[in-house]
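Notes for the one structure printed next.
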Amino acid sequence: MPTLEWIGKDKVVNHHQEVPYRVLERQYSYDEAGQHAEDNGSENMIIHGDNLEALKALLPRYEGKVKCIYIDPPYNTGNEGWVYNDNVNDPKIKRWLGEVVGKEGEDLSRHDKWLCMMYPRLKLLQRLLAEDGVIFISIDDNELYNLKSICDEIFGLSCFVSNISWQRTYSMRNDAKGIPAEVEHILVYGRRADWQPQKLERTESMDSKYKNPDHDPKGAWRNIVASAPDSVAHQGMVYAIQNPITGKLNYPPQGRHWSLGQDQMLEAMCKWGEYELRDLKDYEARAFVCNVAVEDVRQDVLSIVLKEDISIAQQKAMEIYKKGPLPEFFFSRNGKGVLSRKAYLQQMGGRPVTNLWPYEETGHTDEASRLLKTMFRGTAVFDTPKPPRMIERIVQIVGDKNGLILDSFAGSGTTAHAVLNMNKADGGNRKFILVEMENYADSITAERVKRVIDGYGEGKKVVEGTGGNFSYYELGPVLLLPDANLNEEVGPQKIREYVYYMETKESLPAEQPTDEPYFMGLCRNTAYYFYYERERVTTLDHVFLATVQTKAEGYTIYADLCTIPQETLRKHNITFKKIPRDIARL
């Protein structure tokens with residue numbers, strides 16, 4: 001499949017691998033008791049910093065664990081100023097492009113710049129998605145097709161789920177020029193090709209089509225056809241069924257076959273009277289239904305006909321029509337019409353998710369702006385927020401009440417607002433991670449989440465708080481310096497978390513043994529040790545081996561030096577790794 005090309009692509013395709021790994025430094029925690037320095041153990045995070053570096057920082061703990069990603073990246077409309085007007089001329093992005101793309105970056109169009117900015121971020125987001133995860137990306141017409149192209153490349157064309165049209169506005173200005181946009185797009189990709197959304201709650205309008213005129217104990221139902229398409233491929237399901245009222249033979253409509261196998265259809269018809277299978281040699285009638293020549297129709301297909309006299313069958317059937325309830329398969333028009341089937345409301349399940357999301361159900365931009373203005377006491381703090389109802393719809397169809405939702409273009413914090421709303425509504429325990437690079441990450445993004453937790457509004461418009469908590473982080477220093485040495489300022493615990501992840505692709509166990517301070521964990525029957533001291537050189541020798549208590553098939557031990565012969569290490573299935581030389585880069 002041909003891929004989209006643009007100036008600078010060769011510089012950014014693998015750039016996500018070159019992004020330095022930075023530690024995350026918690027600044028404060030927040031919950032219903034307010035803001036405090038102590039760690040409240042919250043799994044909800046708001047991170048201030050470049051989202052490319054923040055996504056890299058999340059990998060050791062969250063790779064393959066994020067159930068849902070929603071991002072609302074810059075739309076690249078061409079107006080100046082990335083923060084509010086959605087383009088990529090922000091000085092930070094320009095500087096980044098210069099560092100990554102080089103002098104070639106001076107010739108980039110705004111579309112080239114946008115693609116260079118998005119590609120490595122999407123690559124990291126794809127790594128964070130769980131196997132059953134899904135990503136939703138808001139975009140408008142400016143970059144829709146470019147975005148679709150690079151998402152097909154990164155996530156896989158087979159993993160494309162839908163291009164949802166979200167009705168962003170409820171009214172159009174009469175003086176609008178050209179063909180104004182009433183919808184924005186939400187591209188959806190699953191981590192796997194078989195991702196399916198949860199169904200929505202049914203509407204009253206949908207349920208109103210179901211009635212129960214015959215007092216069926218299974219409840220309300222509606223009439224549906226008793227046949228299905230493609231009679232040629234299902235000739236064994238094309239045959240006559242005798243009507244117990246009229247005695248006539250009924251076949252499926254031309255080109256169709258009965259909806260159940262013959263044994264099931266025979267059992268269904270026996271609810272009316274005594275039926276049997278019989279060879280009517282009705283080749284011409286069945287050939288007509290199947291649209292094939294008589295000589296091509298199957299010869300061994302039997303019909304379902306009355307076993308008892310028609311007058312007896314008719315009397316039984318008339319009694320059923322009179323008293324009810326009708327069996328699942330019945331002839332319409334009091335027995336004189338076509339064979340039909342009951343579809344019961346209780347079996348219908350929810351409402352399928354479509355690719356049109358009307359504002360009545362998912363909100364609109366004006367609703368989002370007014371809500372944010374209310375939350376900040378009349379101040380318009382953000383120009384282009386999304387309504388919580390739209391992201392609540394996303395969270396709803398993802399379906400996991402304990403899932404992790406990530407938004408790496410957090411903006412005003414709508415994603416956290418939606419997650420907290422949903423948790424309050426259904427008792428869920430969803431977690432969120434927000435990343436915002438701009439300086440309003442604390443004053444707007446985090447501040448909004450605080451007000452959602454505590455409640456907001458005045459008088460009759462007071463909105464009760466959702467409860468909940470989060471911790472606020474800044475991007476800290478790099479863990480590995482440019483000369484490949486450890487940055488010891490980050491502390492041994494962060495280093496251990498990183499090293500264990502690079503070895504196992506698992507998070508460092510929270511519980512660490514006190515009697516084995518250098519032991520990190522046991523993974524796939526290999527014990528991992530990180531023998532590191534900031535103030536002195538460590539040596540893997542027989543003295544250290546005597547302190548190893550964990551029993552395992554193999555051992556991986558990091559230290560500065562090793563004095564044990566290689567032959568002895570092999571004999572005991574020990575792999576020595578030198579600090580910092582053998583610490584892999586993420």
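Just a few scattered comments:
- The set of residues from the stretch 257-299 being open to solvent by less than 20 Å² (accessible area, probe 1.4 Å) and either touching a Cys at 6+ places or on another chain (Cβ under 7 Å) or within 25 Å of residue 323 (Cβ to Cβ) (or both) comprises 265, 268, 269, 272, 273, 275, 297.
- Pairs linking a residue in the stretch 323-352 that is more than 14 Å from residue 221 (Cα to Cα) and free of Cβ contacts under 8 Å to residues at least 24 places away in the same chain to a residue that is in a strand (DSSP E or B) and open to solvent by less than 10 Å² (accessible area, probe 1.4 Å), with Cβ atoms under 7 Å and 6 or more positions apart or on different chains, are 337/331.
- Any hit, the stretch 215-228, residues being within 30 Å of residue 65 (Cβ to Cβ), in contact with a strand residue (DSSP E or B) (Cβ under 6 Å, 6 or more places away or on another chain), touching a residue at least 12 places away in the same chain (Cβ under 8 Å) and not in a loop (DSSP other than H, G, I, E, B): no
- Residues satisfying the criterion are absent from the stretch 412-434 (criterion: on the phi < 0 side of the Ramachandran plot, out of contact with any Lys or Arg (no Cβ under 9 Å at 6 or more places or on another chain) and in a loop (DSSP other than H, G, I, E, B)).
- Residue match in the stretch 444-458 (condition: at pLDDT 95 or above, out of contact with any helix residue (DSSP H, G or I) (no Cβ under 8 Å at 6 or more places or on another chain), aliphatic (A, V, I, L, M) and open to solvent by less than 50 Å² (accessible area, probe 1.4 Å)): yes
- Restricting the search to helices (runs of 4 or more DSSP H) fully inside the stretch 301-369 and requiring at least 1 residues that are on the phi > 0 side of the Ramachandran plot gives 332-335.
- Counted residues, the stretch 27-78 - those being part of a loop (DSSP other than H, G, I, E, B) and either in contact (Cβ under 8 Å) with a residue 24 or more places away in the chain or touching a His at 6+ places or on another chain (Cβ under 8 Å) (or both): 18
- A Cβ distance below 8 Å, combined with a sequence gap of six or more or placement on separate chains, defines the contacts here; from the stretch 159-177, residues that are in a loop (DSSP other than H, G, I, E, B) reach residues that are open to solvent by less than 30 Å² (accessible area, probe 1.4 Å) in the pairs 168/184; 168/364; 169/364; 170/364.
- Listed conditions (1) open to solvent by less than 20 Å² (accessible area, probe 1.4 Å); (2) under 28 Å from residue 367 (Cα atoms) are all met by residue 167, apart from (1).
- The residues listed here are 585, 536; of these, the one that is under 26 Å from residue 484 (Cβ atoms), surrounded by 11 or more Cβ atoms within 10 Å (Cβ to Cβ), charged (D, E, K, R) and at pLDDT below 95 is 585.
- Tally, over the stretch 459-477, of residues that are assigned to a strand (DSSP E or B), buried (at least 17 other Cβ atoms within 10 Å of the Cβ) and in contact with a helix residue (DSSP H, G or I) (Cβ under 9 Å, 6 or more places away or on another chain): 5
- Qualifying residue in the stretch 176-195 (condition: open to solvent by 60 Å² or more (accessible area, probe 1.4 Å), under 21 Å from residue 9 (Cβ atoms) and in contact with a Lys or Arg (Cβ under 9 Å, 6 or more places away or on another chain)): no
- Close pairs (9 angstrom Cβ cut-off, 6 or more residues apart or separate chains): more than 11 Å from residue 67 (Cα to Cα) in the stretch 130-142, among the small types (Gly, Ala, Ser) and open to solvent by 10 Å² or more (accessible area, probe 1.4 Å) anywhere: 140/181; 141/181; 142/78
- Any hit, the stretch 246-259, residues being among the aliphatic types (A, V, I, L, M) and either over 30 Å from residue 345 (Cβ atoms) or assigned to a strand (DSSP E or B) (or both): yes
- Beta carbons closer than 9 Å, at least 6 apart along the sequence or on distinct chains, pair a first residue in the stretch 371-388 that is closer than 10 Å to residue 412 by Cβ with a second that is of a type in the set (A, V, I, L, M) and open to solvent by 50 Å² or more (accessible area, probe 1.4 Å) for 372/380; 375/463.
- Among the residues listed as 505, 494, the single one being out of contact with any Leu (no Cβ under 7 Å at 6 or more places or on another chain) and of a type in the set (D, E, K, R): 505
- Residue check for residue 389: modelled with pLDDT of 95 or more, assigned to a helix (DSSP H, G or I) and more than 24 Å from residue 65 (Cα to Cα): yes
- With respect to the stated conditions, residue 416 is small (Gly, Ala, Ser), crowded, with 24+ Cβ neighbours inside 10 Å, touching a residue at least 60 places away in the same chain (Cβ under 8 Å) and closer than 24 Å to residue 373 by Cβ.
- Looking only at the stretch 532-553, and only at residues there that are part of a loop (DSSP other than H, G, I, E, B) and hydroxyl-bearing (Ser, Thr, Tyr), the one that is farthest from residue 489 (Cα to Cα): 550
- Any pair with Cβ under 9 angstrom, 6 or more apart, that starts in the stretch 566-583 at a residue that is in a loop (DSSP other than H, G, I, E, B) and ends at one that is at pLDDT 95 or above and open to solvent by 100 Å² or more (accessible area, probe 1.4 Å): 573/553
The values are calculated or read from the model by the stated rules, or taken from the named source; none is laboratory data. The structure displayed is predicted, hence computed values, not measured ones. Counting neighbours? That spans all protein chains shown, and the Cβs are built from the backbone with ideal geometry, glycine included. Just the protein is used for accessible areas: all its heavy atoms, side chains included, with ligands, DNA and RNA removed. Shrake-Rupley method; radii C 1.70, N 1.55, O 1.52, S 1.80 Å.
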